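Each remark here refers to the structure printed beneath this line.
Throughout, read-outs are computed from the coordinates displayed, never taken from laboratory work. Every value quoted in this text rests on a predicted model; they were computed, and no experiment measured them. Glycine gets a Cβ as well: all are built from the backbone with ideal geometry, and neighbour counts include every protein chain shown.
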């Protein structure tokens, strides 16, 4: 260090009101830094009530200008909160923003420790580490890249549709990719929507049509994203468009092929296993687009080589058995993930008997039962297809709020259970019981709906149902499903015989959410939902710039919230598009080719293919546009030829020594 | 030395995307944990050069905690596996050098696992407390010019005092 | 991730003074009881095959523990009726080790001499006495001692069954003993000392 | 090699001696070798746990410690009794989950010169070993006298599938292992929703009226479903249903006659063993009439699987099990 130019470091210790000062003796920390770290180059150490306030920032700016500071350490909160604030302050005063370090003494010290002496000592070490490190920081320039104005929206449920429409209406192009043959998502399966009981199809279909016909939207159904490369502003996306075996140019959506197809298949997706479709099908009448798809697994022609009934009857010769999967490449600047949820598999709660006891239904089965376009034309009947139940039990929290299954509250099930109670009551006049742990009817007009269902005479029992059984103990129970539960308000165990049980199943992350997260470079929470950047202040952005999450992909939520999120993400995307270019963190690896021995150890380490070997020179090169800055290659290079800006060996080793107060020895 | 009064010093390496955020979350939720760990933020556990660990141990740390995203959840796709490989190798190297390999621990903690981060930290401190001080690179004369009195007030009071005595 | 109660306390996640009676029961229970996690959903009371004879459902008992109602809890017949069928344990959404908590409450009730009906505690004690004396259970000795004391009137109706058991060779008149009874006794002696220090 | 350590438990040579006798009869055909843990002691049943914690676990752990001395080539301890199985498995699990408990138990064991490191052994129930290690195919191949025509309800009892610390069973509520095994023997297995309900446990001793109700529920439902007998895997279940059935009948004024045998007894019969060697006849509710339904002359015919009925109503969801790969496909 002796041969280096002595840096002039300013240290600023924040009180954060009492958040830090309550546990850390901030005055002592500043005094100590000034005295003990003086030899390192600390020329000034101050403490202040709120460093992030404009007065606090001005303090730093003034010192940079007047004292000629060349480095700044702010001991305050986590860099994830205010790093940007103080970097901007430095920039305003003419100092390169990357010569500022944040030492976190709030999240990592004052909030997690109680003993003031210990917390103060630890804060000193943290400041010491930051001072040592900042001296090794180098001035860096932000990398500016242009933003591609196109956007990819993945998932054509209500959240994805909303998001796509907002962006398209603003005049920018959207690729809307949907895995199923039609957009619409879960909402297309529902009959009524709570709490207003609007017909789901009536409010959804116009949006679907708008998305299907919008000049700025390229609709890619029966398609999946298979690869994503690049970074914010410049994503290169590969999409597999599965063969429909129907020529979309020629098909008029007349439906004759479906009519003529002799193969009936249980529809596990749209009809939730309660109804049938053909091997060539559109999932429902209002499907967008209206072109059918051929289910290759079940098509008689694909199985036996004969049939082709659909081809024979198609008036426009649109059936094409030779169609192949297509691969499309599109470039987009931003990506919105609206991949939705899977329904909890109620068979896992074996004590509720779903799958064993015929008249136990899941929520989605009930949605189809009660839907006028469903397999029973909206008649609420038991599994025999004809008997109307005289008594119905609705069980809440199935698979939710349960450590054996999903830990979290699925948000929608209480209201869903109330909606079911209303529909059963209205259509059958049956006695309805709702079994709940806690009734959660937050949000506008929800509790009013609860009141309405109470008024209708639904019987509420507070208790998580223990089991549903057909083992009768007496005559009254014979031939019924018996719901056994503790009525916790009465403090007694009850056995309530009913004809039909509806399980208000919870929502869970898509079975492939982890893979999708990996594909797009975003993470999942413990429960498997995509992780937002900030749970309160940045709920639709992710840790990966340019990737947004909306609807149930981010966590369980109802329709209004999903729509709001879809719109919110669009605002964020439009903000990016209108900026035209974006500054990237200049944290990149680079190879000093003088030192590179050409050993190629690093070559296989980069998952982003940023590392290439130049055969002619027998050295390795890193493409800064592709490098994401993880630093794995830096750590691996045996020759020490690769360096990583922002997290160089010198910076980290200096920080280690600083944290361990080894730097004091050098004085 | 009485291990009950020994306060170990531990360096913790964290990943910017998961474990550092887990420690942020532990802070936001005001979870209390042992104060003996001092954190260094890296962009990824894959950035961890094993020499950083050796440097920390030789500069006075009694243990090193390496944290990263759960397998399969790496922000950079798979670099935490490389960290795992290096960690396993490093433990063998340490053993060869006569240092208890348990002084280095690998913990997976996602950004949502503030509670896990806090609990693992506390547990690790207890484990190192049982192992006792490392005193590596400190016993052989060398740079003994440290202001010991100063250190004793800010840094590991009991262990340092006894080491001098 | 479920954490151990004592670890939670050490990490400052749970404060000891918040727990008192609940904490005491939790600490005395084998494994990690998760008792403090109860959300009063009633899965246990709903699952229990003998709830009809219980003075309190298990759920109510846990609420009473929280309220610090020591005497009422220890006097309740609920733990004594528990048949250890573990239905509640596997269904509990909070993973409370309900059956083990019931064992703890029985032990505490015996120590505090707060049980109301002595049949069950005496049966347990007689069983344990036999095991401690022989290393094996001794059904004949147990049955005769127990029935004479608590169900003398039931004996006549039981006689055919008992006789059947004996004639069919399903009950032996003499107890079986293990070889190293001394070893077992010293283990149990030490275990009892350790129990007191915990 | 099919070698296992055996923890028989106290009832196996008294009230459940039929279980032991029949077990011994099926070992040879299945090439199973069970080595008894030397000088094992009582597990304490459900009684000791309610008195003292550390002594109760020390009592159990002594058996585990002794077993480790005989580990030569195997680490699996087999318990035929569900209560014993649970106690051994529980001690092993809790000694790990709560290290302070483990340490104290080991301190007590040390007074007897013993030690047990939790996790060293695998504690498994007999039927677990038969279904998953020996396998249903092997069992099926040994059947010479299929039990077709014998209508049975499989009664698993409660302590076997729950709490299931090591996730060994197909389900906590409706496990199918016993059903599958009995089906492999050719028996007509009746779906029995109460298969894991409680037999009353020690309540027959301390609160008989409570116990009688539990026994009534089980027997009445089995009778209602047309069962000729119940089949169990647990000495306590057998004892309660068998020995107290008449008393329960007396109490409720009912007249049930529902024999209950151990599954090993039925295996023995299917393997062609003599009823007398299988402890058949020592049950108090006689199985004679039930077994008459499958007189030895019953022809060896496997009933073809009934074709799935075309259902006119709405289709049913598929049955779900926790580890489908591990077991026979369930219809």
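Antiparallel DSSP bridges in chain A: what percent, to the nearest 5?
Taking every DSSP beta bridge with both residues in chain A, the antiparallel ones total about 50 percent.
Using every pair of alpha-carbon atoms in region D:142-212, split the distances into 5 Å bins beginning at 0 and state the percent of pairs per bin, rounded to integers.
P(r) over region D:142-212, rounded to whole percents: 4, 16, 19, 17, 16, 14, 9, 3, 1.
Within region D:182-202, what residues put their amide N at less than 11 Å from the label point 7 Å along the Cα-to-Cβ vector of residue D:254?
No residue qualifies, since no backbone N sits under 11 Å from the label point.
Just need log10 I(q)/I(0) for the protein assembly as shown at q = 0.05, 0.09 Å⁻¹, Debye formula, equal scatterers on the alpha-carbon atoms, no solvent, rounded to two decimals.
Taking Cα atoms of the protein assembly as shown as identical point scatterers yields -0.47, -1.33.
Any chance you could get the radius of gyration and Dmax over the Cα atoms of chain D, in Å?
According to the Cα coordinates of chain D, Rg and Dmax are 20.2, 70 Å.
Give the peptides A:177-188, A:484-495 in descending order of average Cβ contacts within 10 Å, highest first.
In decreasing order of mean packing, A:177-188, A:484-495 become A:177-188, A:484-495.
Give the order of A:633, A:414 when sorted by the count of other beta carbons within 10 angstrom, beginning with the fewest.
Sorted ascending by nearby Cβ count, the order is A:414, A:633.
How would you rank A:307, D:81, A:202, going from fewest to most other Cβ atoms within 10 Å of each one's own Cβ?
Final ranking by Cβ density, sparse to dense: A:202, A:307, D:81.
Within 10 Å of each Cβ in peptide D:7-15, how many partner chain Cβ atoms are there on average? Round it to a whole number, please.
Average neighbour count from other chains, rounded to a whole number: 4.
Normalised radius of gyration for region C:5-112, please: alpha carbon Rg relative to 2.2 N^0.38 Å, two decimal places.
1.00
Compute the Cα gyration tensor for region A:358-493, then decide on rounded, prolate or oblate, letting a ≥ b ≥ c be the square roots of its eigenvalues: rounded whenever a/c is under 1.5, prolate when a/b is larger than b/c in the other cases, and oblate in all that remain.
Taking the square roots of the gyration eigenvalues as a ≥ b ≥ c, region A:358-493 is rounded.
Quick one: among C:52, C:159, C:69, which has the greatest mean-square fluctuation in a GNM of chain C with alpha-carbon springs under 10 angstrom?
Greatest mean-square fluctuation among the candidates belongs to C:159.
In whole Å, what is the distance between the alpha-carbon centres of region D:1-64 and region A:472-489?
38 Å
To the nearest 10 degrees, how steep is helix D:208-224 against the longest Cα principal axis of chain D, on a 0 to 90 scale?
40 degrees
Report the antiparallel proportion of the DSSP beta bridges in the protein assembly as shown as a percent, rounded to a multiple of 5.
The antiparallel proportion sits near 40 percent.
If I take R0 = 51 Å and measure r between the Cβ atoms of residue D:166 and residue A:66 in this structure, what FRET efficiency does the formula 1/(1 + (r/R0)^6) give, to the nearest 0.05?
Result of the calculation: an efficiency of 0.15.
What is the distance in Å between the Cα centroid of region A:288-363 and that of region A:491-519?
Computed from Cα coordinates, the inter-centre distance equals 23 Å.
Which value does Rg/Rh take for chain A over its C-alpha atoms, Rh per Kirkwood?
Rg/Rh: 1.07.
Ranked from highest to lowest mean number of other Cβ atoms within 10 Å per residue, what is the order of the peptides A:575-581, D:40-46, A:275-281, C:161-167?
Ranked from most to least packed, the peptides come out as D:40-46, A:275-281, C:161-167, A:575-581.
So how far, in whole Å, is the C-alpha centre of region B:1-70 from the one of region C:85-116?
Using only Cα atoms, the two centres lie 40 Å from each other.
Mind checking which of D:220, D:61, D:103 has the largest fluctuation in a GNM of chain D, springs on alpha carbons under 10 Å?
Per the Cα network of chain D with a 10 Å cutoff, D:103 tops the list.
How far is helix D:53-68 tilted, in degrees, relative to the longest principal axis of the Cα atoms in chain D, given as a value from 0 to 90 rounded to the nearest 10?
80 degrees
If the elastic network links every pair of Cα atoms under 10 Å, which of C:73, C:131, C:89 fluctuates the most in the Gaussian network model of chain C?
In this elastic network of chain C, the residue with the biggest mean-square fluctuation among C:73, C:131, C:89 is C:131.
To make sure I understand, if each residue's beta carbon is the centre and we count other beta carbons within 10 Å, what order do A:163, A:561 fall in, fewest to most?
Fewest-to-most ranking of A:163, A:561: A:561, A:163.
Using all C-alpha to C-alpha distances in region A:4-140, build P(r) with 5 Å bins and read off the rounded percent in each one.
Using 5 Å bins, I get a P(r) of 2, 12, 24, 26, 20, 11, 4, 1, 0 for region A:4-140.
Using Cα atoms only, what is the angle between the long axis of helix A:54-67 and the major principal axis of chain A, expressed in degrees (0 to 90) to the nearest 10?
30 degrees
Calculate for the protein assembly as shown the 222 nm mean residue ellipticity that helices alone would give, adding -39,500 (n - 2.57) per DSSP H run of length 4 or more and normalising by residue count, nearest 500 deg cm²/dmol.
It comes out at -10500 deg cm²/dmol, rounded to the nearest 500.
By average Cβ neighbour count within 10 Å, what is the ranking of A:363-371, D:162-170 from highest down?
Put in order of decreasing packing, that is A:363-371, D:162-170.
Counting only other chains, and only Cβ atoms inside 10 Å, what mean value do you get across the residues of A:109-115?
Across A:109-115, the average partner-chain Cβ count within 10 Å equals 6.
Work out the mean other chain Cβ neighbour count within 10 Å for the residues of C:76-88 and drop it here as an integer.
6
In percent, what relative contact order does region C:119-197 have, based on Cα pairs under 8 Å that are 6 or more apart in sequence?
Reported as a whole number, the value is 34 percent.
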